1. Of all residues being surrounded by 14 or more Cβ atoms within 10 Å (Cβ to Cβ) and part of a loop (DSSP other than H, G, I, E, B) in the range 259-300, which is farthest from the chain's Cα centre (by Cα)? Just the residue, please.
2. Tell me yes or no: at least one residue of the range 135-148 is in contact with a Phe, Trp or Tyr (Cβ under 6 Å, 6 or more places away or on another chain) and touching a residue at least 12 places away in the same chain (Cβ under 8 Å).
3. Listed residues Leu184, Leu150; which is in a helix (DSSP H, G or I), outside the structural domain of Ala75 (by TED's automatic domain parsing) and touching a helix residue (DSSP H, G or I) at 6+ places or on another chain (Cβ under 7 Å)?
4. Go through Ala64, Ala34, Ala108 for me and flag whichever is touching a residue at least 40 places away in the same chain (Cβ under 8 Å), buried (at least 18 other Cβ atoms within 10 Å of the Cβ) and closer than 28 Å to Tyr231 by Cα.
5. Just need a number here: residues in the range 68-87 that are part of a helix (DSSP H, G or I) and surrounded by fewer than 22 Cβ atoms within 10 Å (Cβ to Cβ).
6. Take the residues in the range 198-208 that are closer than 16 Å to Asn268 by Cβ and of a type in the set (A, V, I, L, M), then tell me which one is modelled with the highest pLDDT.
7. So is Val123 part of a helix (DSSP H, G or I), surrounded by 15 or more Cβ atoms within 10 Å (Cβ to Cβ) and without any contact (Cβ under 8 Å) to a residue 40 or more places away in the chain or not?
Amino acid sequence: MASAAIVEARDNRSAMLRLMRPHQWVKNALVLAALVFAKRMFVPHDLALGILGFIAFCALSSTAYVINDIVDREADRLNPEKRDRPIARGDVSVEAGRRLALALGAFAVILSAFIGRDFVGIVLLYAILQVTYSLWAKRVMIVDIIAVALGFVIRAFAGGAAIGAEVSPWLAFITFVLALLLVLGRRRHELIALGDAATAHRGALEFYSVRLIDQMISIVAGATLVGYMIYTASVEVETKLGTKHLYLTVPFVAFGILRYLYLIDERNEGGDPARLLLSDAPLMLSVILWILTDLALLYL
């Protein structure tokens with residue numbers, strides 16, 4: 001009897017953890033971007049604030065995932081890739097999910113209060129965006145894509161607010177178009193994987209087609225790569241960052257974008273960009289090499 005209770009408790013904790021989607025926390029690394037590019041990565045006080053900001057956004061984003069899973073539980077049961085999510089499958093009750101969302105949200109707000117008023121303001125803005133997305137935006141064509149991309153941009157600004165550093169318009173622009181690329185890849189995957197059931201899963205998919213999304217992807221992928229190239233060659237950026245060799249990172253970005261396009265087109269693997277990054281070795285290697293090259297150019 002006691003053994004069965006222990007197993008049940010362990011399974012419940014495992015389901016709660018899956019509900020929080022910890023593999024998605026890699027997205028919150030954007031909170032640390034301002035810390036790196038402000039060249040304050042080795043300032044202990046700023047590093048501590050950056051890490052706290054990262055943790056706060058992990059809790060906040062998990063709050064959004066839980067709320068989204070509660071709202072979408074019926075539609076998720078129709079999706080062969082999402083029907084095993086804890087709430088959709090019944091591993092976690094709706095009430096337990098609500099309690100978890102409340103606890104995570106409260107933790108994020110309390111932690112944000114220690115970081116600073118500006119950070120709290122951005123956290124509240126992110127929370128409003130996520131609620132708006134879950135209740136309305138995700139059902140509206142194009143607005144759904146832009147809303148998700150703005151969530152990434154807000155993460156970047158949160159990192160600047162945490163350490164009192166100005167966020168470059170370049171960082172905001174490149175983050176936005178890159179996020180658009182990732183979201184479009186996900187929409188493409190949903191259309192192909194779900195077929196005629198796509199609309200039942202996500203209302204906005206009624207207005208998309210694979211052909212239309214492929215056109216959008218071509219535009220956004222080009223904007224991302226060209227924008228990053230211009231950024232690395234900018235005199236303004238050279239003066240601010242103290243290096244004129246940032247262009248050396250372009251090959252890694254180009255490879256990463258082209259590899260992602262290959263994966264979503266030839267393998268239809270764009271359903272979960274975070275999981276794709278963690279599972280595809282060439283893509284992960286390009287990101288790691290990009291990070292290491294950036295650190296070497298900025299700090300050595």
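1. Filtering the range 259-300 for residues that are surrounded by 14 or more Cβ atoms within 10 Å (Cβ to Cβ) and part of a loop (DSSP other than H, G, I, E, B), the one farthest from the chain's Cα centre (by Cα) comes out as Asn268.
2. yes
3. On inspection, the qualifying residue turns out to be Leu184.
4. On the way: Ala64 fails: closer than 28 Å to Tyr231 by Cα; Ala108 fails: closer than 28 Å to Tyr231 by Cα.
Matching residue, one of Ala64, Ala34, Ala108: Ala34.
5. Total meeting the criteria: 7.
6. Only one residue tops the list, namely Leu205.
7. Numbers: part of a helix (DSSP H, G or I): yes; surrounded by 15 or more Cβ atoms within 10 Å (Cβ to Cβ): yes; without any contact (Cβ under 8 Å) to a residue 40 or more places away in the chain: no.
When the stated conditions are applied, Val123 does not pass them.
The values are calculated or read from the model by the stated rules, or taken from the named source; none is laboratory data. Keep in mind that what you see is a predicted model, and the values were worked out from it rather than measured. Every residue, glycine among them, receives a Cβ derived from its backbone with ideal geometry; neighbour counts consider all protein chains shown.
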